[in-house]
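Peer 1: Here you go, one structure.
The values are calculated or read from the model by the stated rules, or taken from the named source; none is laboratory data. The structure presented is a predicted model; accordingly, all values stated were derived computationally and were not measured. Heads up, the Cβs are rebuilt from the backbone with ideal geometry, glycines too, and the neighbour counts pull from every protein chain shown.
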Amino acid sequence: AGVLVTNATPVFLDNETRFYYGAHSYWDCEIDDGIPLTGIGLASMPRDRFASIRPIESVGQITLKPIELSLCHGITINADASGGAIRVELLNENGHRLRGYAKEDAVVIDTDSLDHPVQWREKKIADLPPGRFLIRLHLHNAEVSALTVIHDESK
């Protein structure tokens, strides 16, 4: 048996999360008849990719709870869609599609990025009327780790 010791918290960098650790081959201070093995290590992952959601089959969708978007000036998605595509649509609070913000109107996300901007061909978030909206992600052979709603703090 051995011991693995980690730092108290991960180290968060701009695009990476790091976990530093140390290890040794014995449990307590007594060493039997061998040379103790020790080491230090680093494990890292891209920012906000500790967990993700992907379809069991190739196609799936995620619908979030209603959210107020009147102070929002952008939405980004941390996702890997390099083997497929993601389209984002907005629904009204009753679950009905909004003209200009439907799946068919979405700019397709088809690459791997920590900050994909969510966009529609002819509409912008600023064009939305006041109210609460549902965000729905349509996934095709893609994996989503995070969605960020960017608020305008000055309003």
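Peer 1: Might you let me know whether the range 116-133 holds any residue that is in contact (Cβ under 8 Å) with a residue 40 or more places away in the chain, of a type in the set (A, V, I, L, M) and over 19 Å from residue 67 (Cα atoms)?
Peer 2: No; the residues of the range 116-133 include none that is in contact (Cβ under 8 Å) with a residue 40 or more places away in the chain, of a type in the set (A, V, I, L, M) and over 19 Å from residue 67 (Cα atoms).
Peer 1: When the range 110-155 is examined, which residues are found to be among the basic types (Lys, Arg) and under 17 Å from residue 87 (Cβ atoms)?
Peer 2: Correct list: 121, 123, 124, 136.
Peer 1: I'm trying to understand the selection: among the residues of the range 42-81, which are over 25 Å from residue 95 (Cα atoms) and of a type in the set (S, T, N, Q)?
Peer 2: Result: 44, single match.
Peer 1: Let me ask something else. Within the range 116-147, count every residue that is surrounded by 15 or more Cβ atoms within 10 Å (Cβ to Cβ) and within 21 Å of residue 52 (Cα to Cα).
Peer 2: Result for the range 116-147: 16.
Peer 1: Of the numbered conditions (1) closer than 22 Å to residue 65 by Cβ; (2) outside any loop (DSSP other than H, G, I, E, B); (3) touching a Ser or Thr at 6+ places or on another chain (Cβ under 6 Å), residue 147 fails exactly one; give the number of that condition.
Peer 2: It fails just one condition, (3).
Peer 1: Given the conditions (1) loosely packed, with under 14 Cβ neighbours inside 10 Å; (2) at pLDDT 90 or above; (3) part of a loop (DSSP other than H, G, I, E, B), which single one is not true for residue 35?
Peer 2: The one condition residue 35 does not meet is (2).
Peer 1: If I go through the range 119-144 residue by residue, how many of them are touching a helix residue (DSSP H, G or I) at 6+ places or on another chain (Cβ under 8 Å) and part of a loop (DSSP other than H, G, I, E, B)?
Peer 2: Qualifying residue count for the region: 3.
Peer 1: For the range 67-99, give me each residue that is crowded, with 16+ Cβ neighbours inside 10 Å and part of a loop (DSSP other than H, G, I, E, B).
Peer 2: 69, 81, 84, 98
Peer 1: Another one. What pairs come out if I take residues in the range 40-59 that are over 24 Å from residue 18 (Cα atoms) and pair them with residues that are assigned to a loop (DSSP other than H, G, I, E, B) whose C-beta lies under 6 Å away, six or more apart or interchain?
Peer 2: As it stands, the answer is 58/141, since those pairs meet every condition given.
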